[in-house]
Amino acid sequence: MPIVIPAGVTVNLNNGVVSVKGPKGELSQKVDSSIIVKIEDNHVILEVDENSPVNYKQRNAFHGLYRSLINNMVVGVSEGYQKVLELVGVGYRVSNQGNILEFSLGYTHPIFIQLPKEVKVETKSERNQNPVVILECCDKALLGLICAKIRSFRKPEPYKGKGILFKGEVIRRKSGKSASAK
């Protein structure tokens, strides 16, 4: 499947490195030598090099991997990615000073995390609503890594439903030990 290059986005290929530049930022990715990348009339086309010493299954796996990575870069620099995290729990709070997030998650101390400059962050704390962290970035992998790190501070637990959740995520609740006491 060819990757369509939207207006305002430029894709360059230089020594096996694909560079994508757009209104939201600039990203680059090194591509394995068993994959041939072609840029033709607003499309990026990836093909498998049949003469490569890499075995057949690995070449096909690389083809899908690099196609997905380049597509994510093109979408990221044109539209960007956004993740919304929700803090569910009594007394859970979050605030930000620039790119430094401060979490109060029921521990004896606050948790601070310094975000990279590529990530834009916004926090919302409204009355009778759970606190929300909105993260935006053009790099999908970096955004996912940061969300996983933040989520690791208080993973969602199935008994009370507390923790750091993605917006709209549903936690399957378990009954406690009193339900199976008979």
Item checked: Residue in the stretch 48-66 that is in contact (Cβ under 8 Å) with a residue 40 or more places away in the chain and open to solvent by 40 Å² or more (accessible area, probe 1.4 Å) present -> no
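Listed here are the residues, each with its yes/no results for (1) β-branched (Val, Ile, Thr); (2) at pLDDT 90 or above; (3) not in a loop (DSSP other than H, G, I, E, B).
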| residue | (1), (2), (3) |
| --- | --- |
| LEU27 | no, yes, yes |
| SER33 | no, no, no |
| ILE45 | yes, yes, yes |
| SER52 | no, no, no |
| ALA61 | no, yes, yes |
| GLY64 | no, yes, yes |
| VAL75 | yes, yes, yes |
| LEU85 | no, yes, yes |
| PHE103 | no, yes, yes |
With the first residue restricted to the stretch 125-138 and required to be charged (D, E, K, R), and the second required to be open to solvent by less than 80 Å² (accessible area, probe 1.4 Å), Cβ contacts under 6 Å at 6 or more apart or on different chains are GLU136/GLY80
Listed by first then second residue, the pairs whose first member lies in the stretch 78-97 and is open to solvent by 50 Å² or more (accessible area, probe 1.4 Å), whose partner is in a loop (DSSP other than H, G, I, E, B), with beta carbons under 7 Å and at least 6 positions apart or on separate chains, are ARG93/SER125; ARG93/PRO131
LYS174 meets each of (1) in contact with a strand residue (DSSP E or B) (Cβ under 9 Å, 6 or more places away or on another chain); (2) open to solvent by 30 Å² or more (accessible area, probe 1.4 Å) with one exception, condition (1)
Considering only the stretch 5-12, I want to know if a residue exists there that is assigned to a strand (DSSP E or B) and more than 23 Å from the chain's Cα centre (by Cα). yes
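Every residue in the stretch 106-148 that is polar (S, T, N, Q) and open to solvent by less than 40 Å² (accessible area, probe 1.4 Å), please. Explain how you work it out, then say what you get.
In the first step, residues of the stretch 106-148 are kept if they are polar (S, T, N, Q); the result is 108, 114, 123, 125, 128-130.
The answer is THR123, and nothing else.
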Inside the stretch 4-25, the number of residues satisfying the requirement of being more than 20 Å from VAL48 (Cα to Cα) and either of a type in the set (Ser, Thr, Tyr) or touching a residue at least 60 places away in the same chain (Cβ under 8 Å) (or both) is 8
Conditions (1) of a type in the set (Val, Ile, Thr); (2) over 30 Å from LEU13 (Cβ atoms); (3) assigned to a loop (DSSP other than H, G, I, E, B) -> VAL121 fails only (3)
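If you scan the stretch 32-47, which residues turn out to be touching a strand residue (DSSP E or B) at 6+ places or on another chain (Cβ under 8 Å) and open to solvent by 50 Å² or more (accessible area, probe 1.4 Å)? Reasoning before the result, please.
First, the residues of the stretch 32-47 that are touching a strand residue (DSSP E or B) at 6+ places or on another chain (Cβ under 8 Å): 34-39, 42-47.
Answer for the stretch 32-47, where residues must be touching a strand residue (DSSP E or B) at 6+ places or on another chain (Cβ under 8 Å) and open to solvent by 50 Å² or more (accessible area, probe 1.4 Å): ILE36, LYS38, ILE39, ASN42, HIS43, GLU47.
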If we keep only residues of the stretch 152-171 that are buried (at least 16 other Cβ atoms within 10 Å of the Cβ) and basic (Lys, Arg), then the residue farthest from ILE111 (Cα to Cα) is LYS162
Discussion item. Tell me whether the stretch 147-160 contains one or more residues that are within 23 Å of VAL77 (Cβ to Cβ) and among the acidic types (Asp, Glu).
Written reply: no
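The values are calculated or read from the model by the stated rules, or taken from the named source; none is laboratory data. Since the model is a prediction, treat every value here as computed from it, not as a measurement. Quick reminder, even Gly has a Cβ in these numbers, built from the backbone with ideal geometry, and neighbours come from all protein chains shown. For the accessible areas, the whole protein counts, side chains as well, though only heavy atoms, and no ligand, DNA or RNA atoms are used. Shrake-Rupley method; radii C 1.70, N 1.55, O 1.52, S 1.80 Å.
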